[in-house]
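What follows is a single structure, written as structure tokens, with notes after it.
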There are 2 protein chains.
Amino acid sequence: MLKYQQIAGEIEKYIEENELKQGSKLPVIESLMKQYRVSKSTITKTLELLEKKGIIFQVRGSGIFVRRQKRKGYISLLSNQGFKKDLEDYILTSKIIELDVRKPSEEVALHLNMDLNEDVYYVKRIRYINGQTLCLEESYYNKAIITYLNKEIVSESIFHYITEALGLKVGFSDVYLLVDKLNEEEASYLGLEKNSPKLLVESLFHLTNGQPFDFSKVTYNYQQSQFFIQANSLFF
Amino acid sequence: MLKYQQIAGEIEKYIEENELKQGSKLPVIESLMKQYRVSKSTITKTLELLEKKGIIFQVRGSGIFVRRQKRKGYISLLSNQGFKKDLEDYILTSKIIELDVRKPSEEVALHLNMDLNEDVYYVKRIRYINGQTLCLEESYYNKAIITYLNKEIVSESIFHYITEALGLKVGFSDVYLLVDKLNEEEASYLGLEKNSPKLLVESLFHLTNGQPFDFSKVTYNYQQSQFFIQANSLFF
DNA sequence: TAGTGGTCTAGACCACCCA
DNA sequence: GGGTGGTCTAGACCACTAT
């Protein structure tokens, strides 16, 4: 474990356990250096990480402060494939509809940088949150990278399996959001009426080396579609 | 202008001008250090910035590579209040429906950390993209911070005015996404039928010192709701 | 003007990828 | 094993905030 990750974890834990509110002041860099016996750059790296995660914000000439989102019960759009509902208790289950190996469509081949005659794993499942339909998910995995999948793996967290069992490292993803109306099939899977609103989230996941390995289309039940994103400046 | 920002800008420009594709290899850190006559840390900082912006990705032991999104014509969800449509030509206009000073509702006061008897600027406008309705926007600005607004400012880029004319620095924002059906009023403003899908984006913008100054509710025309986000690991 | 975070340097060493 | 990015150090100096 790297020092700056270690320290970031401890600070995060400290904030959680003491239930610090938005705007609470944290110790200054000088103190943190002494407390953890590391250099200033390491603390800076630590704080950068916490800032990226939306846990703190830093103000030059003033200090380091806790950042908290105002609303509870929203799903973080950028965490593991769209989950990790903050604090709140919830039960996530899923039902597998299809799981097979097939040839990619042109669209899928294009996204995954594959030839049309290579193989992909296709997974179609419904996910439930506290017993209600959350989303209909269709995923395509490059079989050359994700060499094996079965029903058991797919019914649990696929990403956990990919990182732990296969030892692959997920790097970055491109996420596309579209809003439209449910077609008949989607509506029946989600238990909604045809033409109800839907949020379609298409994600393309890459390994750290830049290889795309998973293209997913997730259609959300609009009644459960409450997402949040913590954005940093960068763009202003 | 800071060195690492300067260099990042030049590298970004270089990528744009040469239309480098996803996966193109950039010079190694050593070369960049020599080329720009700076230390390794500065180049590292530069590359971190470009990575955060989704312009490159780095692979340990291998090199630095160009990252590009696969699709055109999507709106970046995390840039200035939701715009900056990539490359594509488009014309953004807006029509002001209301602009006044008023007392905040409880919801608004809560988000902006204000008392109910303080003043907010209220702006309601429709935004058009290439002549079609893009969204209906309602914004509340803390008048103690955003001291003055008029129709002219509001019909242009409000954020440009805030940063340039008022000299304020925007720090971070919390973004909440919800999907629902249009009510009668929204439908008529957007020129859609009642009960059509809508994407509601509620954003809370803070200054660099953590003060919230703008709470906005933006209802998007679902036919124009094509957003993308470039996400980095952090969460895997 | 004291305190605090941000930038930058020069250099050592480590972890990972690839031929 | 050679090349490449990532971490970490110690220290100098700068820019902004608060009082």
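Answer yes if at least one residue in the stretch B:174-186 is free of Cβ contacts under 8 Å to residues at least 40 places away in the same chain, among the acidic types (Asp, Glu) and in contact with a Gly (Cβ under 9 Å, 6 or more places away or on another chain), and no otherwise. Yes: one or more hits. Looking across B:Ser225, B:Ser233, one residue alone is within 28 Å of B:Thr133 (Cβ to Cβ), hydroxyl-bearing (Ser, Thr, Tyr) and at the interface with another protein chain (Cβ under 7 Å from one of its Cβ atoms). It is B:Ser225. Scanning the stretch B:1-13 for residues that are more than 25 Å from A:Leu207 (Cα to Cα) and of a type outside the set (D, E, K, R), we see that the one that is surrounded by the most Cβ atoms within 10 Å (Cβ to Cβ) is B:Ile7. Among the residues of the stretch A:129-147, none qualifies, meaning not one is more than 7 Å from chain B (Cβ to nearest Cβ), without any contact (Cβ under 8 Å) to a residue 40 or more places away in the chain and within 17 Å of the chain's Cα centre (by Cα). Among the residues of the stretch A:101-125, those that are buried (at least 19 other Cβ atoms within 10 Å of the Cβ), within 25 Å of A:Glu152 (Cβ to Cβ) and aliphatic (A, V, I, L, M) comprise A:Val108, A:Leu112, A:Val120, A:Val123. Within the stretch B:183-197, the only residue that satisfies the criterion of being within 9 Å of chain A (Cβ to nearest Cβ) and touching a helix residue (DSSP H, G or I) at 6+ places or on another chain (Cβ under 6 Å) is B:Pro197.
Within the stretch A:5-51, being within 13 Å of chain B (Cβ to nearest Cβ), within 24 Å of B:Leu49 (Cβ to Cβ) and within 12 Å of DNA strand D (Cβ to nearest atom) holds for A:Gln5, A:Ala8, A:Ser39, A:Lys40, A:Ser41, A:Thr42, A:Thr44, A:Lys45, A:Glu48, A:Leu49.
Inspect the stretch B:14-29 for any residue being within 15 Å of DNA strand C (Cβ to nearest atom) and crowded, with 17+ Cβ neighbours inside 10 Å and give the result as yes or no. No: zero hits. Within the stretch A:18-59, the set of residues being in a strand (DSSP E or B) and not basic (Lys, Arg) comprises A:Leu26, A:Ile56, A:Phe57, A:Gln58, A:Val59. Just a yes or no: is a residue in the stretch B:161-182 crowded, with 19+ Cβ neighbours inside 10 Å and more than 12 Å from chain A (Cβ to nearest Cβ)? So far as the stretch B:161-182 goes, no, none of its residues is crowded, with 19+ Cβ neighbours inside 10 Å and more than 12 Å from chain A (Cβ to nearest Cβ). Within the stretch B:203-216, no residue satisfies the criterion of being away from DNA strand D (no atom under 16 Å from the Cβ) and surrounded by fewer than 19 Cβ atoms within 10 Å (Cβ to Cβ).
Taken together, the values in this text are just the output of simple stated rules run on the coordinates, not laboratory data. Note that the structure is a prediction, hence the values are computed from the model and not measured. When we count neighbours, we look across all protein chains shown, and the Cβ atoms used for this are built from the backbone with ideal geometry, even at glycine.
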